[in-house]
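Input: a single structure, listed below in C-alpha cells.
The values are calculated or read from the model by the stated rules, or taken from the named source; none is laboratory data. What you are looking at is a predicted structure, and each value in this text was computed from that prediction instead of being measured. Note: ideal-geometry Cβ built from the backbone for every residue, glycine included; neighbour counts use all protein chains shown. For the accessible areas, the whole protein counts, side chains as well, though only heavy atoms, and no ligand, DNA or RNA atoms are used. Shrake-Rupley method; radii C 1.70, N 1.55, O 1.52, S 1.80 Å.
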Amino acid sequence: MKIAFYGSSLLSAYWNGAATYYRGLLAELAQRGYDITFYEPDAFDRQQHKDIEPPDYARVVVYPATETALQTVIASAAEADVVVKASGVGVFDDELLEGVMSLARPHAVKIFWDVDAPATLAHLRANPGDVMHRVLPQLDLVLTYGGGPPVVTAYQAAGARLCRPIYNALDASTHHPVAAQARFEGDLNFLANRLPDREARVERFFLEPAARLPERRFLIGGNGWDDKAMPANVRRIGHVGTAEHNAFNCSPLAVLNVARDSMADVGFSPATRVFEAAGAGACLITDAWEGIELFLTPDEEVLVARDGQDVAEHVAALTPERARAIGEAARQRILAEHTYARRAAEADALIRREAAAKRERSLA
C-alpha cells in the first residue's frame, strides 16, 4: 500500500521532537511492505539543520512553504492508499488537513496522526469553528503517540470514529549503548528544547536540584536556553543532533526527563527521550506522570521524582553501580516490550483492518 504522509520533518530533528518517532515507525512500516512518501515543508530552518539524508525506507518530498507548492503536494494525496496528516506541521496545517482528506480516494484509509494530542484537544475545545471539527468524523483513524485512555475518550467525544495510541518507542538500530564522551560527562544531563509549557517544570525538576547540589555537575542540551538564568554548576551546550544522543545519554551518572505541562496532566505520554535513554542503558530520572508503570517499573527500571527535592535526593544517593543496574534493567524492558517494530505491528493491523472494511463496504 502507498502511504502519503504529511508531517513536520523526517530529515531534521531541529525544533522537531517528532523526528525520531516518525523515523522509527516509518522504517518499520516499510519493512511491512508499505511504499511511503513523506511530505515536509522547507520551514523553520530545518533543512539547514538536517541530521539525516533521505532514507531508503521513504521517499521525502521537501516543498517550499508557499500556497502554490502546497496545492501540488495536496494533489498527491489522490494517488495514495493511506493518507496521513500529522499534527504540528507548522505551515498551512488546516489547509493540509482539509485538502488531503478531501482528495483522498474513496477506498483510501484516512488518518490524523497526532504527535501532541493534549495540545490539539485543548485547541479544539477553545475553537469550536476549527476545521478539525468538520474533518474529524470523516476520518477512519486517529492515532496518537501518547495520551492513553484520557485522550481516546476525548477524541471519541469530539467525533472521532476510532482513536488509538501508538506510543513512542525505541529504534535499537539508532539508540544503543556507546562509550562515554568527556564533553557529555556530569551527574545529571537533560535534553529538551525550551518551550513555554515546559519551562516552569524545568525550573522545578532541573534548575532547583542543581541549586541544591552546587558541588555536582549538571548539563543541559537543546535549543533556546542561551539567555536563561541558571546556577553556576549548569553547563549549556545548545542543540544536540540525534547522532550524538547516545553519547549524551551514556556519559553522565543519570539523565533527566521532564514532561511538558499538558503531557504531565494527561499522563500516559512517555517522551521519545525516555526510550532513547533506556535504549542507551542510561539511568533515567523522570518527573512523575500517570501511566509510567506501563513502560518502566519505578525504583527498578526508572527513578521517579515528584519535585526538585526528589531529583536532588536521587542524584545525591545514586552510585555508579546502581545507576548501571537501573539503566540495564530499563534497556532490557524496552527491548522486550517497547520497540518501533512492535508499534508498527499495531499500526499495521489497524490500517489493514480499516482498508479491508472499506473494500467490503464498497462491494456491498
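Protection proxy ranking of 54-62, 25-33, 317-325, by the mean of other Cβ atoms within 10 Å over each peptide's residues and highest first, is 25-33, 54-62, 317-325.
Which percent of the accessible area of the chain is formed by carbon and sulfur heavy atoms (probe 1.4 angstrom)? That share works out to 51 percent.
What lysines sit close enough to K110 to cross-link, taking a C-alpha to C-alpha distance under 18 Å and skipping anything fewer than 8 places away on the same chain? Within reach: K2, K85, K358. Only alpha carbons enter this Debye calculation for the range 12-169, each as an equal point scatterer, and the log10 of I(q)/I(0) it gives at q = 0.08, 0.15, 0.16 Å⁻¹ is -0.22, -0.84, -0.96. Taking Cα atoms, how many degrees apart are the long axis of helix 340-363 and the longest axis of the chain, rounded to 10 and kept between 0 and 90? In the chain, helix 340-363 runs at an angle near 10 degrees to the longest axis. The stretch between Q31 and R216 holds 62.1 nm of extra length on full extension. This uses 0.36 nm per residue minus the Cα-Cα distance.
Taking a quarter of the surface of the Cα convex hull of the range 195-234 gives a mean projected area of 2.7 nm². Distances between placed amide hydrogens fall under 5 Å for D187 paired with R217, F218, L253, all partners being 5 or more residues away or on another chain.
If the segment from V131 to S362 were pulled out straight at 0.36 nm per residue, it would be longer than the present Cα-Cα gap by 80.4 nm. Applying Stokes-Einstein at 20 °C and 1.002 mPa s to the Kirkwood radius of the range 1-92, computed over alpha-carbon pairs, gives a translational diffusion coefficient of 163 µm² s⁻¹. Using a simple spin-label model with pseudo-atoms 7 Å out from Cα toward Cβ, L162 and D197 lie 2.8 nm apart. Put a dot 7 Å past the Cα of E300, heading toward its Cβ, do the same for A229, and the two dots end up 4.4 nm apart. Here the label points at A122 and E337, each 7 Å from Cα along the C-beta direction, are separated by 2.9 nm in the simple model. Taking the chain as a Gaussian network of alpha-carbon nodes connected by springs under 10 Å, the highest mean-square fluctuation of the residues R125, R23, R331 belongs to R125.
Subtracting the Cα-Cα distance of E79 and S102 from their residue separation scaled by 0.36 nm leaves 7.0 nm. Over the range 291-364, average the accessible area per residue using a 1.4 Å probe and give it in Å², no decimals. Solvent-accessible surface per residue comes out at 51 Å².
Mean projection of the Cα convex hull over all viewing directions, computed for the chain: 17.6 nm².
Around the amide H of T339, modelled in the peptide plane, lie the amide H atoms of L170, all under 5 Å away and 5 or more residues distant in sequence or on another chain. Here R322 and R353 are evaluated by their C-beta separation; at R0 = 51 Å the FRET efficiency comes out at 0.70.
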